[in-house]
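Report on one structure; see the data block that follows.
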Amino acid sequence: MKRFLLRVTVVGFLLAPSAGAQSSFTLEQVLNAPFPSNLVAAKKGDRIAWALNQEGKRNIWVAEGPVYSARQLTTYTEDDGGELSNLRFSADGNAIVYVRGEGKDSAGAYANPTSNPAGVEQTVWIVAWSGGNPVKIDAGSSPTVSAQGQIAYQRAGEMWISSMNAEEKPKQIVVRGKNHPVEWSPDDTRLVFVCDRGDHSFIGIYDAKERRVKFLAPSVDSDSDPTWSLDGKRVAFTRQPAVPRDTPDGYFIEPDRSHPWAIWVADAETGDAQGIWHSGTALEDSYPYMAKDTGGGVLHWAADDQLVFASEADGWQHLYSISAEGGRAKLLTPGNGEVEQWSFSPDKKTVLFIANFGDVDRRHLWRADLTGNILQQLTAGEVTRRIEWNPVFLSDGLTYAFIASDAKVRGRIMFSKLVPDTLFMTVGHQAQSADFPSEELVAPTQVIFKSGDGLEIHGQLFVPMNLKDGEKRPALIFLHGGPMRQMLLGWHYMYYYSNAYGMNQYLANHGYVVLALNYRSGIGYGRAFREAPGRAGRGATEYQDVVTAGKYLQRRSDVDGKRIGLWGGSYGGYLTALGLGRNSDLFAAGVDLHGVHDWPADNWEGQHIPPDLVKLAHESSPVMAVNSWKSPVLFIHGDDDRNVMFSQTVDLVARLRAKGVTIEQLVFPDEVHDFLLQRDWLKAYHAENDFFDRKLGAPQK
């Protein structure tokens, strides 16, 4: 009982504001700034819509040309964890379909971070452009809207169809397997979908008039990424060949192997198909799974019967085009940089995308055409220090909208035109926090150093504004998750890392020197960097980058080398725990948010892994460094985490307790990996700041 009371007291102290150094702004001021996402444009008229998360209250905002004055459309008023996503305009632009809520876990339970005893669900809604109360369509996600007012959506792996007016009872399309609706045909009579049956998958077409399902060239292989031809007569899709049942399966611990793939084109009427392009068999020729993770999709049918697809054949994620009849693929986006988040003009002749060509630690807007003759940076000149993302064309094919941030502005909706010397305009009257401390934020600087094996590593350094000559401050290294992520020289385009960037700003304002480290296995620096040998459970080679970063800070004249801490979430939590366990002599304290601590244990993959690789994965895990772990640690985890099992933290805490390591914990019942509640983000970050102040010594400002 005494131990329990002591534990409660510790956690209570954890959440109290620090009594040490004081920041010139609060954590609430910097994190409560609105975060825009899910920007979409109507097919008719010059209307745009986006989701805005403001203090955990998520709503749809809209704007319309030529004035583009922002207007709030929905009126959700609670920080209740209700995600708002999958925005889709109706064909006439007079309504918006969207999804509210988080999906189910593998056990079939919805995320319920408020522990609401009445339960929650993920639902599809529709709201009129003119406003008014949204109308619930049904439980579900991933809606796709036809011009005739039909909404297809996924519900627990099943496909359903409802009318936009919600007057008709939704109908299930009964197909065995886990089914995902993708796109209505140009004539709105047929729906193409992916039918996942475990060790293989099909591309199916549902004919809404005939009420029948047809599969396209079914095989033992795995088909995905379907896209309609512009005339609706054909469907292109990707095919990955079947692999033997005992092939190692476990991304973080399996040996590196090639994942070849092909593009097939099928007759939508007969279902007959043929392969029109096949990848090579080298590692860089593998299926571009990063294209799905970073937004944009793998395959698109464009104008002039051209297929546009993603590939890393030259070592970078780029776009290529090829005739639907086959032939040689043409590179559309040459250069040493990653292409992400692409979308097409209404006539499907121009591609908008973001990339880091020439500015590797930011993102800028580019366009390309299908001929390969045009590659133009759109956000040049006075805006090169910005970060742009989520580009969309408006219906005129000349105007485009996007979201932009910089070192001191979290994100705003902007628009421009594809004509020379057009100024970028900000959508007017966007909701902003009146007390957001933009002028008190520091502009992080790019730092580059060589790791232990000579690999070039990038980071962003946050130095407190009030640092005096000769003064030595405690320092922190931030380690992102993923690991397919990259921290940038400004507010991030992903919500999780936008929050992390805000926390790094707060820590710098609080007096810490902060280094956000882009260790190997992250994106932005090419496939070879991302797929570095020996990473993760294959030997943790990226850990040497963490050690090198710690030694870099030790050499700085403004850092107290005995007061260096680590913090990070997910994969960053893994590296934080690894650092505390292997090098307590270098890293004095750490905050581990939902980290992986033992690759083989409770792994969500890992089938058919040879014993020697399982042993290596175990040795590459923090649990094997418990005997040398001396530094204090704060664990933060939600126990409904669907990405990293909560048992990973349970197990490591038990091991460390047995060794007498100083442990503190902050557990969020029913919270998921990417915290759904704004108040949980704030609690976590307040606890982190307080922990570092106590364990490293509050910076004296």
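The values are calculated or read from the model by the stated rules, or taken from the named source; none is laboratory data. These numbers come from a predicted model, not from an experiment. Backbone-built Cβ (ideal geometry, glycine too); neighbour counts: all protein chains shown.
When the residues of the range 204-227 are narrowed to those that are within 15 Å of Asp188 (Cβ to Cβ) and touching a strand residue (DSSP E or B) at 6+ places or on another chain (Cβ under 6 Å), which ends up modelled with the lowest pLDDT?
Asp207
Thr123 versus (1) buried (at least 21 other Cβ atoms within 10 Å of the Cβ); (2) under 25 Å from Trp681 (Cα atoms): which is the lone unmet condition?
(1)
Each row is one residue, and each column tells you yes or no for (1) more than 25 Å from Ala156 (Cβ to Cβ); (2) surrounded by fewer than 17 Cβ atoms within 10 Å (Cβ to Cβ); (3) touching a Cys at 6+ places or on another chain (Cβ under 6 Å).
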{"site": "Asn59", "(1), (2), (3)": "yes, no, no"}
{"site": "Val62", "(1), (2), (3)": "yes, no, no"}
{"site": "Leu84", "(1), (2), (3)": "no, no, no"}
{"site": "Val97", "(1), (2), (3)": "no, no, no"}
{"site": "Asp105", "(1), (2), (3)": "no, yes, no"}
{"site": "Ala109", "(1), (2), (3)": "no, yes, no"}
{"site": "Pro117", "(1), (2), (3)": "no, yes, no"}
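Just one of the numbered conditions (1) over 24 Å from the mean Cα position of the chain (by Cα); (2) loosely packed, with under 15 Cβ neighbours inside 10 Å is not true of Pro134; which one?
(2)
One residue is enough: does the range 656-664 have a residue meeting the conditions touching a His at 6+ places or on another chain (Cβ under 8 Å) and among the aliphatic types (A, V, I, L, M)? So that I can check it myself, show each step before the final result.
Of all residues in the range 656-664, those touching a His at 6+ places or on another chain (Cβ under 8 Å) come to none.
Among the residues of the range 656-664, not one is touching a His at 6+ places or on another chain (Cβ under 8 Å) and among the aliphatic types (A, V, I, L, M), which makes the answer no.
Would you check which residues across the range 137-152 are farther than 10 Å from Ser162 by Cβ and either free of Cβ contacts under 8 Å to residues at least 40 places away in the same chain or in a strand (DSSP E or B) (or both) and list them? Walk me through how you get there before you give the answer.
Initial filter on the range 137-152 (farther than 10 Å from Ser162 by Cβ): 139, 141-142, 144-148.
Once the filter is applied, which keeps residues that are farther than 10 Å from Ser162 by Cβ and either free of Cβ contacts under 8 Å to residues at least 40 places away in the same chain or in a strand (DSSP E or B) (or both), the range 137-152 yields Ala139, Ser141, Ser142, Thr144, Val145.
Among the residues of the range 394-401, are any more than 26 Å from Asp92 (Cβ to Cβ) and either among the charged types (D, E, K, R) or in contact with a strand residue (DSSP E or B) (Cβ under 7 Å, 6 or more places away or on another chain) (or both)? Give the steps one after another, and end with the answer.
Here is the first cut: in the range 394-401, the residues more than 26 Å from Asp92 (Cβ to Cβ) are none.
No, there is no match, as no residue in the range 394-401 is more than 26 Å from Asp92 (Cβ to Cβ) and either among the charged types (D, E, K, R) or in contact with a strand residue (DSSP E or B) (Cβ under 7 Å, 6 or more places away or on another chain) (or both).
This table checks each residue for (1) under 14 Å from Tyr685 (Cα atoms); (2) assigned to a loop (DSSP other than H, G, I, E, B); (3) of a type outside the set (A, V, I, L, M).
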residue: Pro464; (1), (2), (3): no, yes, yes
residue: Lys468; (1), (2), (3): no, yes, yes
residue: Pro474; (1), (2), (3): no, no, yes
residue: Gly481; (1), (2), (3): no, yes, yes
residue: Arg485; (1), (2), (3): no, yes, yes
residue: His492; (1), (2), (3): no, yes, yes
residue: Ser498; (1), (2), (3): yes, no, yes
residue: Gly502; (1), (2), (3): yes, no, yes
residue: Leu507; (1), (2), (3): yes, no, no
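Looking at the range 538-578, which of the residues that are of a type in the set (S, T, N, Q) and out of contact with any strand residue (DSSP E or B) (no Cβ under 9 Å at 6 or more places or on another chain) is surrounded by the most Cβ atoms within 10 Å (Cβ to Cβ)?
Residues of the range 538-578 that are of a type in the set (S, T, N, Q), as a first pass: 541, 544, 548, 554, 557, 570, 576.
Next, only the ones that are out of contact with any strand residue (DSSP E or B) (no Cβ under 9 Å at 6 or more places or on another chain) stay: 541, 544, 557.
On the way: Thr541: 20, Gln544: 17, Ser557: 8.
By that ranking, first place goes to Thr541.
Determine which single condition Pro699 fails, assuming it passes every other condition in (1) modelled with pLDDT of 95 or more; (2) surrounded by 21 or more Cβ atoms within 10 Å (Cβ to Cβ); (3) touching a strand residue (DSSP E or B) at 6+ places or on another chain (Cβ under 6 Å).
(1)
Matching residues to (1) outside the structural domain of Ile477 (by TED's automatic domain parsing); (2) at pLDDT 95 or above; (3) not small (Gly, Ala, Ser):
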position	(1), (2), (3)
Tyr571	no, yes, yes
Gly595	no, yes, no
Pro610	no, no, yes
Val623	no, yes, yes
Asp670	no, yes, yes
His673	no, yes, yes
Leu677	no, yes, yes
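Of the conditions (1) more than 20 Å from the chain's Cα centre (by Cα); (2) over 13 Å from Leu394 (Cα atoms); (3) buried (at least 19 other Cβ atoms within 10 Å of the Cβ), Thr77 fails just one. Which one is it?
Thr77 satisfies every listed condition except (3).
Please go through the range 205-214 and give me each residue that is within 32 Å of the chain's Cα centre (by Cα) and either surrounded by fewer than 16 Cβ atoms within 10 Å (Cβ to Cβ) or of a type in the set (A, V, I, L, M) (or both), ordered by number.
Initial filter on the range 205-214 (within 32 Å of the chain's Cα centre (by Cα)): 205-206.
Ile205, the sole residue that qualifies.
Of the numbered conditions (1) more than 23 Å from the chain's Cα centre (by Cα); (2) of a type in the set (Asp, Glu); (3) under 30 Å from Ala516 (Cα atoms), Asp293 satisfies every one except a single condition; which is it?
Of the numbered conditions (1) more than 23 Å from the chain's Cα centre (by Cα); (2) of a type in the set (Asp, Glu); (3) under 30 Å from Ala516 (Cα atoms), the odd one out for Asp293 is (1).
Could you check the range 331-448 for strands (runs of 3 or more DSSP E) lying wholly inside it with 1 or more residues that are crowded, with 17+ Cβ neighbours inside 10 Å and among the β-branched types (Val, Ile, Thr)?
Values: elements: 339-344, 350-355, 364-369, 375-377, 387-393, 399-405, 412-417.
Ranges flagged: 339-344, 350-355, 387-393, 399-405, 412-417.
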